[in-house]
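Structure record follows, encoded as structure tokens.
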Amino acid sequence: MKFPISVLDHLSCKQVALLTAVVASVSAASNDSGVGQPVGGLISVRVGHSQTPFPEWLTEFTGLKEWPGIDPPYIPMDFIDFDQIPDYRSYEQGVCGANPRESCSFDCDHCVAPDDVFTCSKLSQTFDDGPSLATERLLDNLDHKTTFFNLGINIVNYPDVYKKILDGGHLVGTHTWSHPFLPSLSNEKIIAQLQWSIWAMNATGHHLPKWFRPPYGAIDNRVRAISRMFGLQAVLWDHDTFDWQLLVEDQSLRTEESIYRDIQDWKQSGTGLILEHDGAFKTVQVGINVGRILGNDQMTVAECVGGSDYIKSFQQEG
């Protein structure tokens, strides 16, 4: 049974966890730059599943006692300097031209900032939108370390899968709390998406993320300025499988065979970051097959740039 995000938005995570749903809004967004992404992410919940316990330290800081729903509340933080956030206009997905090109929008103009990571010296897979039940199948079939960009709401709903990712030695970065189109949001809402995703990772995996992939590749210098205040570094891509198109009704958009042909072409150069998704079993099976085509000589994002895995890791209790 499926529930639209507009319905889930009015529920707390505790209420959402009583539902069995995989919300997938995956119609295409196109623009002149050719950087297209689905209209929604994959939010996964299931009945009878234990969430990450809401920690006491987070209650003390926020005054809340449970994880939020799709639209997390903004919590002021003293290290956020609003005077350092560029005053660019917000814009909706697929609508470009609201700001000058100096705003360096990746989704509109394919612009990358000097500190954006967008390629790798070895052709390497990356996966967005998990953790989910499908992620477990992927983990069981991976023979190399890879990078997962996880949604905070999925992390707290699937803490066991998240820990399995970590136990496998894989790298995890943040993909926001619930997969919104960040440039359309106010500064406060962007902050909320990042702070709650970071808290989900801290409470579940006992670490603070270093790497950040904006949903849809939607990032400009306003979003970058906010993310940098959290110590995050943006990770984009130079190869897109468009595997999410396998999930839409119009099967003429993309086929598995066309993905594998692209992989073979990209393999000729041997470099780059590949965008894939682990929120659905169909895309996960494609990811497994892509891994077999590429082999195990791949890198995590941190390895690609010689960086650290996390800003900080904490000693686990017990």
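The values are calculated or read from the model by the stated rules, or taken from the named source; none is laboratory data. All of these numbers come straight from a predicted model, not from anything done at the bench. Please note: Cβ atoms are built from the backbone with ideal geometry, for glycine as well, and neighbour counts cover all protein chains shown.
Things worth noting here:
- Selection status of SER44, among the small types (Gly, Ala, Ser), within 22 Å of the chain's Cα centre (by Cα) and at pLDDT 95 or above: no
- Residue identified as of a type in the set (Phe, Trp, Tyr), out of contact with any Asp or Glu (no Cβ under 9 Å at 6 or more places or on another chain) and without any contact (Cβ under 8 Å) to a residue 12 or more places away in the chain among TRP57, TRP67: TRP57
- Subset of segment 158-188 [assigned to a helix (DSSP H, G or I) and in contact with a strand residue (DSSP E or B) (Cβ under 8 Å, 6 or more places away or on another chain)]: TYR162, ILE165, LEU166
- Hits in segment 93-143 (condition: of a type in the set (A, V, I, L, M) and part of a loop (DSSP other than H, G, I, E, B)): VAL95, ALA98, VAL112, ALA113, LEU123, LEU142
- Top-ranked residue in segment 257-291 [being over 16 Å from LYS122 (Cβ atoms) and basic (Lys, Arg); ranked as surrounded by the fewest Cβ atoms within 10 Å (Cβ to Cβ)]: ARG261
- Note on segment 268-318: among residues that are assigned to a helix (DSSP H, G or I) and of a type in the set (Ser, Thr, Tyr), the one that is nearest to VAL117 (Cα to Cα) is SER269.
- Residue-level analysis places VAL35 outside the set of residues that are assigned to a helix (DSSP H, G or I), at pLDDT below 95, out of contact with any strand residue (DSSP E or B) (no Cβ under 6 Å at 6 or more places or on another chain) and more than 23 Å from ASN187 (Cα to Cα).
- Residue match in segment 230-249 (condition: more than 20 Å from GLY279 (Cβ to Cβ) and in a helix (DSSP H, G or I)): no
- Filter result (among the aromatic types (Phe, Trp, Tyr) and in contact with a Leu (Cβ under 8 Å, 6 or more places away or on another chain)) within segment 124-181: PHE127, PHE148, TYR158, TRP177
- Within segment 201-217, residues that are within 17 Å of ASP129 (Cα to Cα) and among the polar types (S, T, N, Q) have Cβ atoms under 7 Å from residues that are outside any loop (DSSP other than H, G, I, E, B) and modelled with pLDDT of 95 or more in these pairs: THR204/ILE155; THR204/VAL156; THR204/PRO159; THR204/TYR162, counting only partners at least 6 apart in sequence or on another chain.
For (1) of a type outside the set (S, T, N, Q); (2) over 19 Å from GLY217 (Cβ atoms), each residue gets a yes or a no:
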site: SER252; (1), (2): no, yes
site: THR255; (1), (2): no, yes
site: ILE274; (1), (2): yes, no
site: VAL286; (1), (2): yes, yes
site: ASN289; (1), (2): no, yes
site: PHE314; (1), (2): yes, yes
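- Test: residue in segment 97-104 that is modelled with pLDDT of 95 or more, surrounded by 17 or more Cβ atoms within 10 Å (Cβ to Cβ) and not hydroxyl-bearing (Ser, Thr, Tyr): yes
- Scan segment 220-257 for residues that are polar (S, T, N, Q), under 18 Å from the mean Cα position of the chain (by Cα) and more than 28 Å from ALA192 (Cα to Cα) and the total you get is 2.
- Of note, ILE219 does not satisfy the criterion of being surrounded by 17 or more Cβ atoms within 10 Å (Cβ to Cβ) and either within 30 Å of HIS49 (Cβ to Cβ) or polar (S, T, N, Q) (or both).
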